[in-house]
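Here the structure is laid out as structure tokens; the discussion comes afterwards.
The values are calculated or read from the model by the stated rules, or taken from the named source; none is laboratory data. Computed from a prediction, not measured in an experiment: that's the story for all the values here. No Cβ is skipped: glycine too gets one built from the backbone with ideal geometry, and neighbour counts run over all protein chains shown. With ligands, DNA and RNA removed, areas are computed over all heavy atoms of the protein, side chains included. Shrake-Rupley method; radii C 1.70, N 1.55, O 1.52, S 1.80 Å.
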Amino acid sequence: MDKNTCMVEVARFFMDFTQNESCGKCVPCREGTKRMLEILNRIVEGKGKDGDIELLEELGEAISKTALCGLGKTAAGPVLSTIKYFRNEYEAHIYEKRCPANACAKLKKYVIDPELCKGCSKCARNCPVNAISGEIKKPFTIDQDKCIKCGACVSNCAFKAIKEA
Amino acid sequence: MDKQYMIIDGIEVTIEGERNVLELARKAGIDIPAFCYDPELSIYGACRMCMVENERGSLEASCSMLPKAGAVIKTNTAKLRKYRKMILELLLANHCRDCTICPKSGNCKLQEFAYKFNITDVRFPNNSCQLGSQDKSSVSIVRDSSKCILCGKCVRMCAEVQNVGAIDYAYRGSKKKIATAFDGPIANSPCVGCGQCAAVCPVGAIVVKDDADKVWDAIGDKNTYVDVQVAPAVRVALGKELGLEEGTPLMGKLVTALKEVGFDAVYDTSFGADMTVLEEANEFVGRLSGNGKLPMFTSCCPAWIRFAENKYPEFLSNISTCRSPMQMFAPVLKEAYKGDKKHVHVAIMPCTAKKFEGKRDEFKDKDGNPYVDYVLTTQEVIRMIKEAGIDFKALEDSACDNPFEEITGAGVIFGVTGGVTEAVLRYASSDKSEKALEEITYTGVRGFEGVKEATVKIGDKDVKIAVVSGLNNTSVLLDKIKSGDVYYDLVEVMSCPGGCVNGGGQPQAEREARHYRADGLYKADGVEVKKSSEQNTAVVKLLASMDEHKKHEILHVHYKGNK
Ligand code: SF4
Ligand code: SF4
Ligand code: SF4
Ligand code: SF4
Ligand code: SF4
């Protein structure tokens, strides 16, 4: 794990795993882990809402205290400890729609550095959703609402003008 | 030894062999909430509602916690309330909460707890109301997976108490559900229709199939004559739902109510039961003297018949060929009606399996019409009475209609385990004094134990009798009979634990209530002057008027089996 590891994604990954392992017998583990995964999924997709961190904490505590077996009692561990130590990362995802580790695909943002862009239009021609526009020989820009974060433009730019932000 | 006790919410509660802390607390009047616990089933520990907190603040499920002398626990702390609310919120989030159109509304544990714990908001998205969540294939019960909270009571009931195993858990994690083998419709499973799963389901995920609409239609049609027979166990299970005491025998009020609902005539299935007693006793005496196989099994429980067909076909010829009281009485009533309207005959039963019996080919007349057109359960009739706006409490008593109003105590006690046997013994006993009848009650045929045994003298023969209720108890007994470990001449079998008073069509009730119902039937027996079936002169006359052919046609049945 390093600065490129997103802690929210790590927690989501573990929760996905536990969800698959849950036998489904007791309510907190069966229903609770499902809801935690649901919330984590929306956070990494940039759809997190105010109150989600608190709801995760509440669910995590209830599951840990009431689940029937060891799997359930430890299921919420990774979420609770990442919230404890990396709360700011959760907040960035939810309130700024930004992944500090630049790992969450749906939260990535590509921008063209106007200093480096030569206005060659190669990126625009390679964008599958026509999110890039501009005048030849002037800096191009990316329409963030249209962009699907595929990254095709980055590898097509000969001048390394497109960056993740 | 000194008394051992536990301290629950500051109350010293003496430990007297309770199976868990939950039972111990309930004894002390502290009702710990639970969905998946049932005193008659194995412990499952899945709903986590029953958790309690110890002195160190750690939590444990009280259903799975053994009473421990000196231990101090609390059942209602801030922490516990918080977690219980979360569990409820999680269940509600995954539950199709359309209470207003749910058959369980008003009797639902989830609804009750959601209210008691003041759940006013569910913070998770819910898309659990799905088309196709219902399985209506059975004539006895309706299942709805969108209402299931996976408490597992139905599975345990069906496997542990009934040894049927028609339903089980399928899949894992949040995909877990209750399903038949290969997830097919329940009608294609070995389900015997006893409805005991519905009797323990805390929510609307398994309910009695409701046929009241069809009966309302018949009642509303002025060209149709609709009469009804009422089984013994029904009269003692209506009270609580209709504002009276649980277990009170209420046949008189029920007759009045049914007339107000619009039935043209009301009869008591106890009349049919007297017919059964006389006919079955004759068959038994015949078998005792070499005419047919022994032991003879009673035949009035349709779930038992289906169970035998599925699992013990080798015993089918041991089952009495006598029809159930409902099916003896129905053709008599069909024949007795001489009017020119269309005749629809309804039976009100404590039983979901009777709905199936009513539809069996064996009980159709020559033209293929069923003798019993519709079987309603006690639950459905209670709702009809409520729907009709009848103030049941205030009703006067009425008598059943002529010419079948004569009944005996013997016919009434059919509704409780051991009742059929006791009725037969009353008939077989040459001494009809009060003392002799009382002695019969002490032979061991009364009581709620799953298996009871008695030996009685009939003529100069010692007759060995077993009375069994619950199909798992029955299986154990049958296996012993098969291996030769035990021998009986007569075996009474009722599928529902405790007999029809606890049938799947009765309003849901706690353990104590079931005892009140049985007591109620014995009370109703107590007020009947005539105690023994052969004292029912109308029945005797009716039977005497039938020749052997007729008797064979309408009093007996040969099950074709379903294989
Ligand atoms: S990342 Fe994909 S969609 Fe976005 S600008 Fe580049 S090529 Fe276009
Ligand atoms: S099962 Fe209970 S909570 Fe669910 S819809 Fe029916 S009445 Fe309401
Ligand atoms: S009706 Fe009886 S046999 Fe059928 S599933 Fe329910 S408990 Fe099992
Ligand atoms: S159907 Fe009813 S009894 Fe069976 S698991 Fe679901 S909620 Fe429990
Ligand atoms: S014991 Fe009675 S209520 Fe239960 S299935 Fe048999 S006949 Fe029906």
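The table below lists the values:
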read-out	value
The one condition in (1) within 24 Å of residue B:324 (Cα to Cα); (2) of a type in the set (S, T, N, Q); (3) touching a strand residue (DSSP E or B) at 6+ places or on another chain (Cβ under 7 Å); (4) open to solvent by 30 Å² or more (accessible area, probe 1.4 Å) that residue B:455 fails to fulfil	(1)
Subset of the stretch B:71-93 [touching a residue at least 24 places away in the same chain (Cβ under 8 Å), open to solvent by 50 Å² or more (accessible area, probe 1.4 Å) and either within 10 Å of another protein chain (Cβ to nearest Cβ) or not polar (S, T, N, Q) (or both)]	B:74, B:79, B:81, B:85
Index of the failed condition, residue B:461 passing every other in (1) in contact (Cβ under 8 Å) with a residue 60 or more places away in the chain; (2) open to solvent by less than 50 Å² (accessible area, probe 1.4 Å); (3) of a type outside the set (Phe, Trp, Tyr)	(2)
Tabulated pairs, the stretch B:24-44, first within 14 Å of chain A (Cβ to nearest Cβ) and within 16 Å of ligand 4 (Cβ to nearest atom), second small (Gly, Ala, Ser) and open to solvent by 50 Å² or more (accessible area, probe 1.4 Å), C-beta under 7 angstrom, 6+ apart or interchain	B:43/B:64
Meets criteria (of a type outside the set (Val, Ile, Thr), touching an Asp or Glu at 6+ places or on another chain (Cβ under 9 Å), on the phi > 0 side of the Ramachandran plot and not in a strand (DSSP E or B)) for residue B:247	yes
Test set (1) touching a Gly at 6+ places or on another chain (Cβ under 9 Å); (2) modelled with pLDDT of 95 or more - residue A:132 fails condition number	(1)
Residue in the stretch A:1-18 that is nearest to the other protein chains (Cβ to nearest Cβ), counting only those that are assigned to a helix (DSSP H, G or I) and surrounded by 22 or more Cβ atoms within 10 Å (Cβ to Cβ)	A:18
Subset of the stretch B:94-115 (residues that are free of Cβ contacts under 8 Å to residues at least 12 places away in the same chain and either within 14 Å of chain A (Cβ to nearest Cβ) or over 24 Å from the mean Cα position of the chain (by Cα) (or both))	B:100, B:101, B:115
Every residue from the stretch B:490-513 that is buried (at least 21 other Cβ atoms within 10 Å of the Cβ) and over 18 Å from residue B:235 (Cβ atoms)	B:490, B:491, B:492, B:493, B:495, B:497
Residue ranges of strands (runs of 3 or more DSSP E) in the stretch B:136-240 with at least 3 members open to solvent by less than 10 Å² (accessible area, probe 1.4 Å) and away from chain A (no Cβ under 14 Å)	B:224-230
Lone qualifier among A:106, A:97 - being within 27 Å of residue A:154 (Cα to Cα), part of a loop (DSSP other than H, G, I, E, B) and away from chain B (no Cβ under 14 Å)	A:97
Spans of helices (runs of 4 or more DSSP H) in the stretch B:399-474 with at least 1 residues out of contact with any Phe, Trp or Tyr (no Cβ under 9 Å at 6 or more places or on another chain), assigned by TED's automatic domain parsing to the domain that holds residue B:503 and within 22 Å of residue B:319 (Cα to Cα)	B:419-428
Residues that are under 29 Å from residue A:59 (Cβ atoms) and more than 11 Å from ligand 2 (Cβ to nearest atom), drawn from the stretch B:120-141	B:120, B:121, B:122, B:123, B:124, B:125, B:126, B:127, B:130, B:133
Only one of A:40, A:59 that is within 16 Å of residue A:84 (Cα to Cα), within 9 Å of chain B (Cβ to nearest Cβ) and not hydroxyl-bearing (Ser, Thr, Tyr)	A:59
Out of A:25, A:122, A:34, sole residue that is charged (D, E, K, R) and surrounded by fewer than 19 Cβ atoms within 10 Å (Cβ to Cβ)	A:122
Selected residue (only one of B:436, B:428, B:410, B:423 is aliphatic (A, V, I, L, M) and open to solvent by 30 Å² or more (accessible area, probe 1.4 Å))	B:428
The stretch B:389-398: number of residues that are surrounded by 14 or more Cβ atoms within 10 Å (Cβ to Cβ) and part of a loop (DSSP other than H, G, I, E, B)	3
Some residue of the stretch A:126-135 being out of contact with any His (no Cβ under 6 Å at 6 or more places or on another chain), outside the structural domain of residue A:47 (by TED's automatic domain parsing), in a helix (DSSP H, G or I) and in contact (Cβ under 8 Å) with a residue 40 or more places away in the chain	no
Cβ-Cβ under 6 Å pairs, at least 6 apart or on other chains, the stretch B:546-560 side outside any helix (DSSP H, G or I), far side among the charged types (D, E, K, R)	B:557/B:323; B:557/B:362
Single unsatisfied condition, residue B:219 versus (1) more than 16 Å from ligand 5 (Cβ to nearest atom); (2) closer than 27 Å to residue B:469 by Cα	(2)
Selected residue [away from ligand 4 (no atom under 15 Å from the Cβ), at pLDDT 95 or above and at negative phi] from B:211, B:168, B:144, B:135	B:211
Pairs where the first residue, in the stretch B:480-492, is touching a residue at least 60 places away in the same chain (Cβ under 8 Å) and the second is surrounded by 15 or more Cβ atoms within 10 Å (Cβ to Cβ) and charged (D, E, K, R), C-beta under 6 Å, 6+ apart	B:488/B:464; B:489/B:464
Scope the stretch B:514-563; condition open to solvent by 60 Å² or more (accessible area, probe 1.4 Å) and among the basic types (Lys, Arg); matching residues	B:523, B:530, B:541, B:560, B:563
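Residues checked against (1) touching a Phe, Trp or Tyr at 6+ places or on another chain (Cβ under 7 Å); (2) within 16 Å of ligand 2 (Cβ to nearest atom); (3) not assigned by TED's automatic domain parsing to the domain that holds residue B:502:
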| site | (1), (2), (3) |
| --- | --- |
| B:150 | no, yes, yes |
| B:188 | no, no, yes |
| B:239 | no, no, no |
| B:264 | yes, no, no |
